[in-house]
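Written below as structure tokens is the structure these notes are about.
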Amino acid sequence: SAPGERAVLSDLPLREDLRGRTPYGAPQLDVPYQLNTNENPYPPPAELVDDIAAAVAEVAGTLHRYPDRDAVALRTDLAAYLSGATGTPLTVANLWAANGSNEILQQILQAFGGPGRTALGFEPSYSMHPIIAAGTRTEWAPTPRRADFSLDVAAAVEVLASRQPDVVFVTSPNNPTGQSIPLDDLRALVAAAPGIVVVDEAYAEFSPQESAVRLIDEFPTRVIVSRTMSKAFAFAGGRLGYLAAAPAVVDALLLVRLPYHLSALTQAAARAALRHAAGTLASVHALAAERDRVAQALAGLGYAVVPSDANFILFGHFADPRAAWQSFLDEGVLIRDVGIPGHLRVTVGTPAENDAFLAAAKRDTAWGN
Ligand code: PMP
């Protein structure tokens, strides 16, 4: 037994506001088809593996020193990538990077949220937004989407006026529902927001919608665009998230970031991955096509399918989503119960993985559960 094991969580002098909360907990199960955390199913090709290994070998000899605290070379590369991807010219001063976009979001709330401040999100959306709000003691103001999970912009503008949140999260494409927000709708929201608007674009590469980076120059004190290399870049294990915003926002985040938060290994590996962006991002088109194929097939089986611009699909209707989730798992297919009544979410995988999922979906058919 582990020393100290007789003490349990409720014995600890934990902050009152954290008592009774549950941690983020997508199951990590060793099953044949892992379609539950929206990763890119294609592993890095041999050339990229070699390039990462060489880049890491090069910095290995300098690990007695702290890394570049400001990750200037990596941020310069990210600026080049994002400028190219969005058509909006950005410089190193516009970019900031951290260990996954979760850390980016946490730093944003450390700087712009916190005790006495409120963050608002349009739910259902990414479950970590309220969890990071709780961790930073930012009051969370959940605001419902329409029944079809779209965003009612006129209603949202009114809520922003009445609630006056310090931070607003807009996830586009939205996880777990899949739709993205058109730029003009976003502009209306930002114009109505009293404080910071974080546009969480973790899945932007899968969407035809224009990026919110276009709005940074229009609203330099408000717009922060959060991105990640975890999805399209097939770099979830590398832990690299980033944001684009006005340079002053980066100055604000320097006040809360831990010194040397991005290891030399992470910076070197991420730069290597960025050098292979063109090759990696080719999988995005294949995944988008697969997404549309899976969506159509699900609809053909009689499921209700929520339209998606991302690399996942929310579908239903299940009388008992928990039981349906288990029956998929019994067939070796791990998908996600995101807690939305009647629905489950599946990540788009390789064609073979998707076929396995669809075969299970066919056997299960929604109505049987
Ligand atoms: N934002 C959204 C909307 C996500 O779905 C995720 C990952 N599930 C993240 C942020 C965080 O991803 P990461 O920390 O790997 O960048």
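No lab work stands behind these numbers, since they all come straight from the coordinates. These numbers come from a predicted model, not from an experiment. Don't worry about glycine lacking a Cβ; one is built from the backbone with ideal geometry, like all the others, and counts go over all protein chains shown.
Couple of notes before you dig in:
- For the stretch 321-369, a residue qualifies if it is in contact with a helix residue (DSSP H, G or I) (Cβ under 8 Å, 6 or more places away or on another chain) and at positive phi, and the qualifying residues are 332, 342.
- Meets criteria (farther than 25 Å from residue 252 by Cβ, among the hydroxyl-bearing types (Ser, Thr, Tyr) and free of Cβ contacts under 8 Å to residues at least 24 places away in the same chain) for residue 162: yes
- Selection from the stretch 233-260 of residues that are out of contact with any Lys or Arg (no Cβ under 8 Å at 6 or more places or on another chain), at negative phi and either assigned to a loop (DSSP other than H, G, I, E, B) or within 12 Å of the ligand (Cβ to nearest atom) (or both): 233, 235, 236, 237, 238, 240, 245, 246, 255, 256, 257, 258
- Of residues in the stretch 108-126 being more than 12 Å from the ligand (Cβ to nearest atom) and assigned to a helix (DSSP H, G or I), the one nearest to residue 174 (Cα to Cα): 109
- Total residues in the stretch 191-235, condition farther than 19 Å from residue 313 by Cα and surrounded by fewer than 20 Cβ atoms within 10 Å (Cβ to Cβ): 11
- Residue check, residue 166 in contact with a strand residue (DSSP E or B) (Cβ under 6 Å, 6 or more places away or on another chain) and surrounded by fewer than 23 Cβ atoms within 10 Å (Cβ to Cβ): yes
- Whether a residue is within 23 Å of residue 36 (Cα to Cα) and small (Gly, Ala, Ser) was assessed, and residue 114 does not pass this test.
- Filtering the stretch 77-91 to residues that are of a type in the set (S, T, N, Q) and in a loop (DSSP other than H, G, I, E, B) leaves 88, 91.
- Test: residue in the stretch 177-188 that is on the phi > 0 side of the Ramachandran plot, under 16 Å from the mean Cα position of the chain (by Cα) and within 14 Å of the ligand (Cβ to nearest atom): yes
- Residue check for residue 52: closer than 27 Å to residue 269 by Cβ and within 18 Å of the chain's Cα centre (by Cα): no
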